[in-house]
1. If the chain between TYR141 and HIS3 were fully stretched, how many nm would it gain, using 0.36 nm times the residue separation less the Cα-Cα distance?
2. Can you spot the lysines whose alpha carbon is less than 24 Å from LYS14's alpha carbon? Ignore those fewer than 8 places along the same chain.
3. For segment 39-54 and segment 107-134, write down the distance between their C-alpha centroids in whole Å.
4. In deg cm²/dmol and to the nearest 500, what is the mean residue ellipticity at 222 nm of the chain if only DSSP H runs of at least 4 residues count, each as -39500 (n - 2.57), divided by the residue total?
5. What share of Cα pairs, in percent, lie more than 28 angstrom apart in the chain?
6. Run down the lysines and flag those whose C-alpha is under 20 Å from the C-alpha of LYS161, throwing out any fewer than 8 positions away in its chain.
7. May I ask for the net charge around ARG186, where only other residues with Cβ less than 15 Å from the Cβ of ARG186 are counted and Lys, Arg are +1 while Asp, Glu are -1?
8. Pull out the extension gain between GLU84 and ILE11, defined as 0.36 nm times the separation in residues minus the alpha carbon to alpha carbon distance; nm, one decimal.
Amino acid sequence: MVHPEFRRQGIFTKLLDDAIRSAMERNYKSIILNSPAQSHSGTGFLKQLPCEFAFSEFQMKWSGTELDDYEDAVVRPSRREDEETEIQLDIQCFRFTEKEARDYYQRILHEDTLKTMMIEKDGCPVGKIRVDQSGREAWIYGFSILPEYQGKGLGRKVLKKVVAEQGQLGYDIFLEVEATNEHALRLYESCGFKTIQRQDYYQYIGLQR
C-alpha cells in the first residue's frame, strides 16, 4: 500500500514490478494478487494487469455468542515432535506441496506472536489450530484436522474451546475462510462468526519463463 498523499506517482507500480521480478528470480510457480472487494482503487488497478479472478475469502469476526459443549476437546501447545503431523496437515488439508509445507513450518517457528496448538483424539495429534495475537486482535488460521477424523464434531468443539479462551483473554477474534468452502462457513457462523469483509484474489498470468 501507499500513503494517500503519495499516490498516483507510480510508486506502487514500481513496488509491484520489483516484487514480480523477485518472484520470477526465485522460480515461484504462481503469483497471487489480492484486494478488498470494496476497494475501487484496488480492483481498478488490478484490471490493468494481466491477471484473472481466482477466488474470494470472507474475513469474519466473532460476535461474542455464548459457547458451550466443548469441555472434552483436547488442545495443547505444539511441540517439535509434532513437526511431521503439522506438515502432513498442510499437505492433506491445504494442498501444499511437501516442500512448501516444510518451508512454511520452518518460517513460522520464528513468529513471536503466533501460537500453534495441536488437536488430540485418544492421545494422538490429529489436527492443529493457530492463533496470531496482535494488539487486541486474535486471528485464527491453519485450522485443520486429518481427513479420517473430519465430520465427527471434533472441529466444532475445538473451535468453540479456542474462541472461548481467546474471548476470555479480552481479544477480538477474527478468521478468514474461502467463499466456496460452504462447510467451513456454516461451522464458523454456527459458532458466532459474522462476515465483515470480502477479499478477492487474482492469479497473475504475466509470468514468462
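Coordinate-derived values only; no laboratory data. Please read all numbers here as calculations on a predicted model, not as lab measurements. Glycine gets a Cβ as well: all are built from the backbone with ideal geometry, and neighbour counts include every protein chain shown.
1. Between TYR141 and HIS3, full extension yields 46.8 nm more.
2. In chain and number order, the partners are LYS29, LYS47.
3. Here the answer is 34 Å between Cα centres.
4. -10500 deg cm²/dmol
5. 38
6. The qualifying lysines are LYS61, LYS115, LYS121, LYS128, LYS152, LYS194.
7. Surrounding charge for ARG186 is 0.
8. 22.1 nm
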